[in-house]
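Okay, structure first, notes after.
The values are calculated or read from the model by the stated rules, or taken from the named source; none is laboratory data. Source: prediction; values computed, not measured. As a convention, Cβ positions derive from the backbone with ideal geometry for all residues, glycine included, and neighbour counts pool all protein chains shown.
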Ligand code: PLP
């Protein structure tokens, strides 16, 4: 597995240093203002003619948000970064900025559900066509690229099956089609575990709500990459208005300072938990790229410097049996989301895919007894002990069901 770039721990803490304020604060001040004063019409002219580097109005920029953007650009190795009020604001604004009527998008399957729905259903209203290709099938992806294709959207690792994209392979396809841009949602990996821009992607998106913020206390999204492309996205952000609040930007800066520490810990804990789950009789299958049983283990070992903090697994029980198991968790909290310091657990059939029928869920590969666990930074032993207790009850209930069925 490639080592994580060594300077990232330093960049987490130091990149995007605050502009010194009047009180010599070490931390980045929260610039809580919606507008910025001009001392004279000459200053206004200097601003609009690009002779000064200053803010004008809150929808176009904020110094606290800018400090966070500089930190994120440094972490991903991008020329620039643009922050948004949520991950979905980053996804939708970026795609609107890159696409117009008549264009075509190729999207790999197993992408975040709302991204898929935006590309496949919403963009269709604006005359943008989309093709969905199976994750991990480069030949199918290349076959879908047409003269009108402008963007390939992929995600790595994906939710819930943690499929890992061959970003270099996708970038090699893109090279044959100069008008195509590759956009990678790297939320599950973070800049610590995966380097999409270095592997040939044009733009990277993160839901900063997850690992970057890291404390389940903010919503944010970011796009990083080539400065020219990011500036096109930034211009549209100024029109669509999905800007990040400076208070959330402050929390994000604070969260990122411990990103490398948290992610390294979550990588270690998740691998240990995945190994524990794989050996447990109540578990039918575990999906974690750090396990040799995962279809992308080899690719992940070559291209990532850690396998991440999310594990999915299928229990040998029913929808209700799985729900009872989750209800019995004492440490893991039942909640959507991932990437924070608290371990969260969820049953996709009763969370993100609740409104679908069992048949519809089966059609898109969501098993009724599938569980997604996002490890936090608690002690690994405590996380395993919680699961061990819960899984013992699943085994007993399953034995009882089998026994009752044999008697009836
Ligand atoms: N991308 C991925 C991979 C996600 O998991 C999510 C949210 O769950 C998003 C994007 C959207 O992010 P947000 O909830 O911050 O809008």
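Could you run through segment 195-238 and say how many residues are over 21 Å from residue 106 (Cβ atoms) and in a loop (DSSP other than H, G, I, E, B)?
Here the count works out to 15.
Quick one: how many residues across segment 311-353 are within 29 Å of residue 255 (Cβ to Cβ) and either within 16 Å of the ligand (Cβ to nearest atom) or surrounded by fewer than 21 Cβ atoms within 10 Å (Cβ to Cβ) (or both)?
Of the residues in segment 311-353, 25 are within 29 Å of residue 255 (Cβ to Cβ) and either within 16 Å of the ligand (Cβ to nearest atom) or surrounded by fewer than 21 Cβ atoms within 10 Å (Cβ to Cβ) (or both).
Does any residue of segment 135-154 turn out to be buried (at least 21 other Cβ atoms within 10 Å of the Cβ) and within 12 Å of the ligand (Cβ to nearest atom)?
yes
Being surrounded by fewer than 22 Cβ atoms within 10 Å (Cβ to Cβ) and assigned to a helix (DSSP H, G or I) is the filter here; which residues of segment 270-281 pass it?
Residues satisfying the conditions are 271, 272, 275, 276, 278.
Determine, yes or no, whether residue 158 is within 18 Å of residue 365 (Cα to Cα), within 16 Å of the ligand (Cβ to nearest atom) and out of contact with any helix residue (DSSP H, G or I) (no Cβ under 8 Å at 6 or more places or on another chain).
Details: within 18 Å of residue 365 (Cα to Cα): yes; within 16 Å of the ligand (Cβ to nearest atom): yes; out of contact with any helix residue (DSSP H, G or I) (no Cβ under 8 Å at 6 or more places or on another chain): yes.
So residue 158 fits the description; yes.
Tell me which residues, restricted to segment 137-156, are touching a residue at least 24 places away in the same chain (Cβ under 8 Å) and in a loop (DSSP other than H, G, I, E, B).
The answer is 145, 146, 148, 156.
Please work out which residue is surrounded by the fewest Cβ atoms within 10 Å (Cβ to Cβ), limiting yourself to segment 282-302 and to residues that are touching a helix residue (DSSP H, G or I) at 6+ places or on another chain (Cβ under 6 Å) and farther than 20 Å from residue 168 by Cα. It would help to see each step written out before you state the result.
Of the residues in segment 282-302, the ones touching a helix residue (DSSP H, G or I) at 6+ places or on another chain (Cβ under 6 Å) are 282-283, 286, 288-291.
Checking the rest, the ones that are also farther than 20 Å from residue 168 by Cα come to 282-283, 286, 288, 291.
Values: 282: 23, 283: 20, 286: 24, 288: 26, 291: 18.
If we take residues in segment 282-302 being touching a helix residue (DSSP H, G or I) at 6+ places or on another chain (Cβ under 6 Å) and farther than 20 Å from residue 168 by Cα, then 291 is surrounded by the fewest Cβ atoms within 10 Å (Cβ to Cβ).
Name, by its number, the condition in (1) buried (at least 21 other Cβ atoms within 10 Å of the Cβ); (2) modelled with pLDDT under 95 that does not hold for residue 119.
(2)
Residues being surrounded by fewer than 22 Cβ atoms within 10 Å (Cβ to Cβ), more than 16 Å from the chain's Cα centre (by Cα) and within 16 Å of the ligand (Cβ to nearest atom): count how many of those fall in segment 62-98.
Of the residues in that region, 1 qualify.
(1) closer than 28 Å to residue 150 by Cβ; (2) not assigned by TED's automatic domain parsing to the domain that holds residue 209: which one isn't true of residue 72, the others all being true?
(2)
Conditions first: (1) within 16 Å of the ligand (Cβ to nearest atom); (2) under 18 Å from the mean Cα position of the chain (by Cα). Residue 260 passes all but one, so which condition is the exception?
All conditions pass for residue 260, except number (1).
Determine whether segment 49-61 contains at least one residue that is within 19 Å of the chain's Cα centre (by Cα) and touching a residue at least 40 places away in the same chain (Cβ under 8 Å).
The answer is no; no qualifying residue exists.
Just name the residue that is nearest to the ligand (Cβ to nearest atom) out of those in segment 166-194 that are assigned to a loop (DSSP other than H, G, I, E, B) and crowded, with 24+ Cβ neighbours inside 10 Å.
Here the answer is 187.
Would you confirm whether any residue within segment 157-168 is on the phi > 0 side of the Ramachandran plot and in contact (Cβ under 8 Å) with a residue 12 or more places away in the chain?
yes
Kindly state which strands (runs of 3 or more DSSP E) lie completely within segment 303-408 and contain at least 3 residues that are touching a residue at least 24 places away in the same chain (Cβ under 8 Å) and in contact with a helix residue (DSSP H, G or I) (Cβ under 6 Å, 6 or more places away or on another chain).
The strands (runs of 3 or more DSSP E) meeting that bar are 310-315.
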